[in-house]
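For reference, the structure discussed in these notes is given below.
The values are calculated or read from the model by the stated rules, or taken from the named source; none is laboratory data. For clarity, every value in this text was computed on a predicted model and none was experimentally measured. Heads up, the Cβs are rebuilt from the backbone with ideal geometry, glycines too, and the neighbour counts pull from every protein chain shown. Keep in mind that these areas ignore ligands, DNA and RNA; they rest on the heavy atoms of the full protein, side chains included. Shrake-Rupley method; radii C 1.70, N 1.55, O 1.52, S 1.80 Å.
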Amino acid sequence: MLIVVAGLYLQYLYKSYGAKHDNWLSRIFLLIETKQLLAKLLVSKGMFETASDDTGEYVKYFPTVSIKFNYSTGQLYIKEPIDGEKYMDNFANGDFNKWVETVLLADKQTTEFKKGEMITVFAFDPIKFRLRLADLKPVEGTLNVMKGIDWKYDKFYNMLIAGNVGTGKSYTLFSILGQLLQVTKFITVFDPKRSDLASLKYTKALEGKVFSTNLEINEQVHVFHEEMMLRAEKMEKIKAKGQIGAYMDFNFTPHFLFFDEFGAWVEMNDKAAFGSETRKSYDVAMSDMKEIAMLGRELGFYIIVGMQRPSADSLPMAIRNQLNFKMVMGMPTPEVSKMLFPDSDKTLRPLSQDLKGWGFVQSGSSQVRSFFAPEIPKGFNLHDWIEYMADSREAS
């Protein structure tokens, strides 16, 4: 009887204790469980060799896979063999890492090849990489998203933030906008649905820079485009003297067009009658948007597009193909996933059933990663946050 009770207690500790606690005992259980799962994975995929002799069958080769946890950062390091053996390609081409992501519900971060081995880092607890608003430290050229994930806008120019209502898209937009105000004062904000961002017209930091009506937005897109072309002329004159480089090499400041609810703007203007003033201004604005997306990188004119559900109708290909930093809040539909991450074979899984503000991000053509957007504190006031970030730029 005592043996049965002891066995049931150990089973409870192994199955339940580790998931509900974070101490030395729970970490031992996590280590044991992870080793067992990886061993089972290797066996189930047949990644070993057997032989037999007079004494019977034995394991001739079994790949040496070692693991190490960094509990403070929520990272798992897996050392995999690049040893010239039969199953080396399963490690080298990333198949094993894809299986690990599925088995451990982990998120692959980086892979480093060394002589005879490769070391892959996974996030087994992604929420530990979450930043608070107070942790955000933007610098010129770089905005923070999560620990280990930054938007380097000079390299991965133009951003898309997509997500349905309730996924945390708006708060993610706030964190980006606030950081931009620490980098530059040249920001134009559009909110055709007249939601939270539209109210920023009443802040000192963005006074005269926030627009909501169709005609206002259409006109201001053209203004932004004209400013970009004026800079192009200035840079052309500089380069006529033999100098080369992009806008930052000539001490120009980046300009940002912050366009929330882009799909709503397209839909509302598409309803305008052909030949009407609204339709004419929209056609010019859409043409300008496409040119800004294509030409703005070298000139330092960037767009941040926010929308609920991107589609071929609401997000023209000429713009979509120039969005090099893409974030999707919440679990995307297969159609949205295929549109935004067409070359990715990563299996996307929900990070939480209870928390908001999580999603998936891709810089350029790199690995799609899961992430938690910066945490918004209780009692958050958007206007106070915007004023504070703008004031901190001026103070510096």
Could you give me the ³J(HN,Hα) list for the stretch 316-321, computed from phi with Karplus coefficients 6.51, -1.76, 1.60 and θ = phi - 60°, whole Hz, x at Gly and Pro? x, 4, 4, 8, 4, 6
With DSSP loop assignment and no more than 10 other C-beta atoms within 10 Å, the trypsin sites (Lys or Arg not before Pro) in the stretch 348-396 are Lys378
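Which length gain, in nm to one decimal place, applies between Ser72 and Glu57 when the Cα-Cα distance is subtracted from 0.36 nm times their residue separation? It would help to have the intermediate numbers written out before the result.
Working: separation 15, 0.36 × 15 = 5.40 nm, distance 4.31 nm.
Contour length minus Cα-Cα distance gives 1.1 nm.
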Rg/Rh for the stretch 121-226: what does it come to with C-alpha atoms and Rh from Kirkwood? 1.00
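Considering only the stretch 305-396, what is the antiparallel percent among its DSSP beta bridges, to the nearest 5? Numbers along the way, then the final one.
Values: 9 of 9 bridges.
The antiparallel fraction comes to roughly 100 percent.
Can you give me the span-like helices of the chain, meaning DSSP H runs with 18 Å or more of Cα extent along the axis and Kyte-Doolittle mean at or above 1.0?
Details: long enough: 24-44 (30 Å, 1.04); 169-183 (22 Å, 0.79); 214-239 (37 Å, -0.72); 277-299 (32 Å, -0.55); 382-395 (20 Å, -0.78).
Flagged H segments are 24-44.
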Paramagnetic label zone (point 7 Å from Cα along Cα-to-C-beta, Phe48; backbone N under 15 Å) in the stretch 64-80: 64-66
Simple spin-label estimate for Thr278/Asp89, 7 Å along Cα→Cβ, in nm, reads 5.9 nm
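How large a share of the accessible area of the stretch 120-203, in percent, is made up of carbon and sulfur atoms when the probe is 1.4 Å and the other protein chains stay in place?
The C+S portion of the solvent-accessible surface of the stretch 120-203 is 48 percent.
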Counting only C-alpha contacts under 8 Å and six or more residues apart, can you give the relative contact order of the chain as a whole percent? 18 percent
Say each of Lys237 and Leu31 gets a label point 7 Å from the Cα, pointing the same way as Cα to Cβ; how far apart are those two points in nm? 6.7 nm
Per DSSP H run of at least 4 residues, take -39500 (n - 2.57); add these up for the chain, divide by its residues and hand me the 222 nm value, nearest 500 deg cm²/dmol. -11500 deg cm²/dmol
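Quick check for you: with a 1.4 Å probe and neighbouring chains kept, what is the accessible area per residue of the chain, in Å²?
Numbers: 20690 Å² over 396 residues.
Per residue, the chain has 52 Å² of solvent-accessible surface.
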Between the stretch 114-192 and the stretch 320-388, the alpha-carbon center distance in angstrom: 9 Å
Global geometry of the stretch 127-392, whether rounded, prolate or oblate, following the gyration tensor of its Cα atoms and the 1.5 cut on a/c: rounded
